[in-house]
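I have placed the structure first, in the form of structure tokens, so that the comments after it can refer back to it.
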Amino acid sequence: MHWAEQIAQRIIDRNPNKEEYVCAAGISPSGSIHIGNFRDIATSYFVAKSLRKMGKKAKLLFSWDEFDRMRKVPVNVAKVNSDMEKYIGCPYVDVPNPFPQSDAKNYAEYFEKEFESSLKKFGIEMEFRHQAQMYRSGKYKDYILLALKKRGEIFDIIDSHRTQEAQEGERDSYYPVSIYCPECGKDTTKIESLSDDCVKATYSCRCGYKGSFDFTKDFNCKLAWKIDWPMRWRYEGVDFEPGGKDHASINGSYDTSKHISKQIFDYDAPIFQGYEFIGISDSNTSTGKMSGSTGLNLTPETLLKLYQPEVLLWLYSRNEPLKAFNFCLDDGILRQYFEFDKMYNDYKNGTANELTKSIMELASVEGRNLDLVPMSLIVQLGSVVNFNLKMLELVFEKIGTPFKYEEFKDRLERAKFWLEKCSPQDMNKLRTGRNWQVYDSLTDTEKEEISQLYAFLKNGGYDLAELQTELYAIPKRIRNLTLEDKELKTCQSAFFKNVYKLLIDKERGPRLYLFLYAIDKNDYLSLLDFSYPKTQEEADSEKAAEEVVEEKKVEYGEPDPVADFKEEIELSDFEKVDLRVCKITKCQEIRKSHNCYKLTLFDGKDERVIVSSIKHYYTPEQLVGKKIIVVANLKPVRITGVTSNGMLVAATNNACGCQVIFVDDIVPEGTQIK
């Protein structure tokens, strides 16, 4: 039985006669909703689907916790509007929309719309609750009054789940509700007194405002999280709600709220399921809690550019909530597509077991039909034909898999996006001229292998199977080897590498026999023909490449005298400098600048740009993909017309020029240097 069906059965067993079950989820719109947060919705969605499969009525309820206070300003927001910190302490719904190009009424609505638009692509329908409207309309009035009357009991419950002892007088001064100040809009208020009937209060704010509050008429207030959560369970009649593993820990949020739910609101807490956080796997096979080593903002909308919605849902469905898994930005994504296709085919063919059936049913999106053209094949061949649709159809036909655009269009753009954004090194593009540097490095035997391959291809008249056979036969024949010779495979592998290097400047590529058969041989045959001398154009091209390398060479002199050490500073002074590990994702020249590069970095949270005068010391190829140390909290400054958000750390000396301090690839982006 699938894990979601097991939870659904527990819900039914606990309350078998309920007319409609409520599966809840909720997120605070503090910024872009990451795909990791999506596990909250996916878990409830699967349980609701399982309840319906069992013949029960179930509602999926989603709460926008937009009445929460703003705690910090996300990096991408700060870049757009550097004046947002003044709203910290205000509810998200009262913070202005920082993105002028959007028609959203406020900060919360901007990120809500961003997330809700992606949900439609999963076919997920839910009932939304906007907590600002719920609170300010007075719907929670009676529960707030109840919490105030029982604030001593609530304090005792919270205190029983804490490890540290309460301070003297802490219980008497405890109030489970925060009032938003009408003057500054923040929750930086303190209740000074409360009437015996717990209806009226006096309060003061850090901004200097003082006032009175009638909880039967004034509703611009909010219960603290561990009271707000169980209050809403009671109000909505929630039967199931998941949460991150931090909430599921002993004496964590759920334990405390469960206790409050029963003792204060007389409601049995819903069944709870903790879930593991989700990681990513990048080109260095590193994993970690949701971030993006490519600089991608890993929202559901972004992941949908890489994964079909069914494949995303399948990843959540096949993994139990407490099992971690990774989204792959490296070639692991091709393996995931392969595994999905295999399971989907078993399901469609009727050969799947019951668990697989449940996994695939939960991952299905109503109204969508899937054509499973292998993602790896689209990736391998797509870049070679520059994703030209007609050419790709022709290639598929030539290799005996006549897929049409309608069959592979849903995966085509995703394959292109992955190659361009996540794995540009896997793009396969033919050279524009012969690679004499590689050819001249070959032995006479290896040159003869290339010559025989050229002759075979030029003569034509072969089918796919014959081409594959010949590719393996050429090194075997020329070297006079037999199938029993141990070095045969090594020689064949070396031959394939040489062909790849001559054609696409890489040692690996798409399956060679498919590659050579699928592409018009007139596009590449000349790259294998070294029967005539180097042309003037080829010589000029080589010379230009050598000159570029020569330009980057710098002659160094004697070391500079060692400078005097600067005056001592306190540790607190050093701690003001925020040094972070960042990954260089792009390196671009700046028009009219002889010294500077525009470097695009990923800092663990978002993309940032810095300008650095290292053009004479490094080529872009030497920088892209490397990790460096950046002063991340340096005030932005305009350099050569570009706003620079930080400064890289480098050593500069007459003996070595400017040497950037590179960081080992194992260190995650965003790591602080302490």
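The values are calculated or read from the model by the stated rules, or taken from the named source; none is laboratory data. Computed from a predicted model, the values in this text were never measured in an experiment. Reconstructed Cβ throughout: ideal geometry from the backbone, glycine too, with neighbour counts over all protein chains shown. Heavy atoms of the whole protein, side chains included, go into the accessibility calculation; ligands, DNA and RNA do not. Shrake-Rupley method; radii C 1.70, N 1.55, O 1.52, S 1.80 Å.
Enumerate cysteines in the chain without a disulfide-compatible partner, where compatibility requires another Cys Cβ under 4.7 angstrom.
So, Cys23, Cys90, Cys198, Cys221, Cys328, Cys422, Cys491, Cys582, Cys587, Cys596, Cys656, Cys658.
Compare the peptides 159-165, 92-98 by average per-residue count of other Cβ atoms within 10 angstrom and give them in order, highest first.
Numbers: 159-165: 10.3, 92-98: 20.7.
The densest-packed peptide leads the list: 92-98, 159-165.
Using modelled backbone amide H atoms (1.01 Å from N, in-plane), which distant-in-sequence or interchain residues come within less than 5 Å of Ser281's amide H?
Phe327, Cys328, Leu329, Asp330
Roughly how big is region 422-554's charge dipole about its Cα centre, with Cβ charges of +1 (Lys, Arg) and -1 (Asp, Glu), in debye to the nearest 20? Please report the intermediate quantities before stating the final value.
Values: 20 positive and 25 negative charges, 76 e Å.
Dipole of region 422-554, to the nearest 20 debye: 360 debye.
Relative contact order, percent, of the chain when contacts are C-alpha pairs under 8 Å separated by at least 6 residues? Could you put the intermediate results ahead of the total?
On the way: 1042 pairs, mean separation 63.3, N = 674.
Rounded, it is 9 percent for the chain.
Quick one: helix 225-236 against the long Cα principal axis of the chain, what's the angle to the nearest 10°, folded into 0 to 90?
Long axis of 225-236 versus the principal axis of the chain: about 80 degrees.
What is the local net charge at Asp440, summed over the other residues whose Cβ is closer than 10 Å to its Cβ (Lys, Arg +1; Asp, Glu -1)?
Values: positive: Lys447, Lys534; negative: none.
Spelling it out: positives minus negatives among the neighbours equals +2.
In sequence order, what are the phi-derived ³J(HN,Hα) couplings for region 35-49 according to the Karplus relation 6.51 cos²θ - 1.76 cosθ + 1.60 with θ = phi - 60°, rounded to whole Hz, with x for glycine and proline?
In residue order, the calculated couplings are 4, x, 5, 5, 5, 4, 6, 4, 4, 5, 4, 5, 5, 4, 4 Hz.
To the nearest 0.05, what FRET efficiency results for Gln133 and Thr643 with a Förster distance of 45 Å applied to their C-beta separation?
Calculated transfer efficiency: 0.70.
Go through Tyr439, Phe396, Pro230 and say which Cα lies farthest out towards the positive end of the charge dipole of the chain; charges sit on Cβ, +1 for Lys and Arg, -1 for Asp and Glu.
Looking along the dipole axis, the top candidate is Pro230.
Calculate one ³J(HN,Hα) per residue across region 62-68 by plugging θ = phi - 60° into the Karplus curve 6.51 cos²θ - 1.76 cosθ + 1.60, and present them in order as whole Hz with x for glycine and proline.
For region 62-68, the Karplus curve yields 10, 10, 8, 7, 7, 8, 5 Hz.
Which far-off residues, 5 or more places away or on another chain, put their amide H under 5 Å from the one on Gly244, with H placed in the peptide plane?
Correct list: Tyr275.
Near Met343, within a Cβ-to-Cβ distance under 15 Å, what is the net charge of the other residues, with Lys and Arg +1 and Asp and Glu -1?
Values: positive: Arg318, Arg335, Lys342, Lys348, Lys357; negative: Glu310, Glu339, Asp341, Asp346, Glu354, Glu361.
Local charge sum for Met343: -1.
How large is ³J(HN,Hα) for each residue in region 438-455, as worked out from phi by the Karplus curve 6.51 cos²θ - 1.76 cosθ + 1.60 (θ = phi - 60°), to whole Hz, x for Gly and Pro?
5, 4, 5, 7, 7, 6, 4, 5, 5, 5, 5, 4, 5, 4, 5, 5, 4, 5
Could you please put Tyr347, Tyr513, Tyr21 in sequence from largest to smallest accessible area, using a 1.4 Å probe?
The most accessible residue leads, giving Tyr347, Tyr513, Tyr21.
Would you please give the residues with an amide H less than 5 Å from that of Lys186, counting only those at least 5 places away or on a separate chain, with H modeled from the backbone geometry?
Under 5 Å from the amide H of Lys186: Cys181.
May I ask you to give the percent of accessible area on region 538-674 that is carbon plus sulfur, with a probe radius of 1.4 Å?
Heavy-atom surface of region 538-674 belonging to carbon and sulfur, 1.4 Å probe: 53 percent.
Not counting ligands, DNA or RNA, and with a 1.4 Å probe, what is Met1's accessible surface area in Å² rounded to the nearest 10?
140 Å²
In whole percent, how big is the carbon plus sulfur part of the accessible area of region 102-174, probe 1.4 Å, protein atoms only?
Its accessible area is 44 percent carbon and sulfur atoms.
In a shell of Cβ-Cβ distance under 12 Å around Pro636, excluding Pro636 itself, what net charge do Lys and Arg (+1) and Asp and Glu (-1) give?
Values: positive: Lys79, Arg608, Lys635, Arg638; negative: none.
Local net charge: +4.
Treat every Asp and Glu Cβ in the chain as -1 and every Lys and Arg Cβ as +1, leave all other atoms uncharged, and give the resulting dipole magnitude about the Cα centre to the nearest 20 debye.
Details: 94 positive and 105 negative charges, 266 e Å.
Using only the charged Cβ atoms, the result is roughly 1280 debye.
I want the antiparallel fraction of DSSP beta bridges within the chain, as a percent rounded to 5. Before the final figure, lay out each step's value.
Numbers: 44 of 65 bridges.
So the antiparallel bridges in the chain amount to around 70 percent.
If packing is taken as the mean number of other Cβ atoms within 10 Å per residue, what is the order of 581-587, 168-174, highest first?
In descending order of packing, they fall as 581-587, 168-174.
With a 1.4 Å probe and every protein chain left in place, tell me how much accessible area Lys458 has, in Å² to the nearest 10.
Estimated to the nearest 10 Å², Lys458 gives 120 Å².
Helix-only mean residue ellipticity at 222 nm, the chain, DSSP H runs n ≥ 4 weighted -39,500 (n - 2.57), per residue, nearest 500. What is it? Mind showing how you got there, number by number?
Details: 25 runs with 258 residues, N = 674.
Value at 222 nm, helices only: -11500 deg cm²/dmol.
Keeping every protein chain present and rolling a 1.4 Å probe, give me the accessible area per residue for the chain in Å².
Working: 34510 Å² over 674 residues.
Normalised by residue count, the accessible surface of the chain is 51 Å².
At 7 Å along Cα-to-Cβ for each site, give me the label-to-label distance between Asp156 and Asp573 in nm.
5.4 nm
Rank these residues by their accessible area, most exposed first, probe 1.4 Å: Glu125, Glu466.
Numbers: Glu125 155, Glu466 95 Å².
Putting Glu125, Glu466 in descending order of accessible area: Glu125, Glu466.
Can you order the peptides 498-511, 367-380 by their average number of other Cβ atoms within 10 Å per residue, highest first? Don't skip to the answer; put the middle values down first.
Details: 498-511: 18.8, 367-380: 17.1.
Highest mean packing first, the order is 498-511, 367-380.
So if we plug the beta-carbon distance of Lys506 and Gln536 into 1/(1 + (r/R0)^6) with R0 = 45 Å, what FRET efficiency do we get, rounded to 0.05? It would help to have the intermediate numbers written out before the result.
Numbers: r = 27 Å, r/R0 = 0.60.
Efficiency, from the Cβ-Cβ distance: 0.95.
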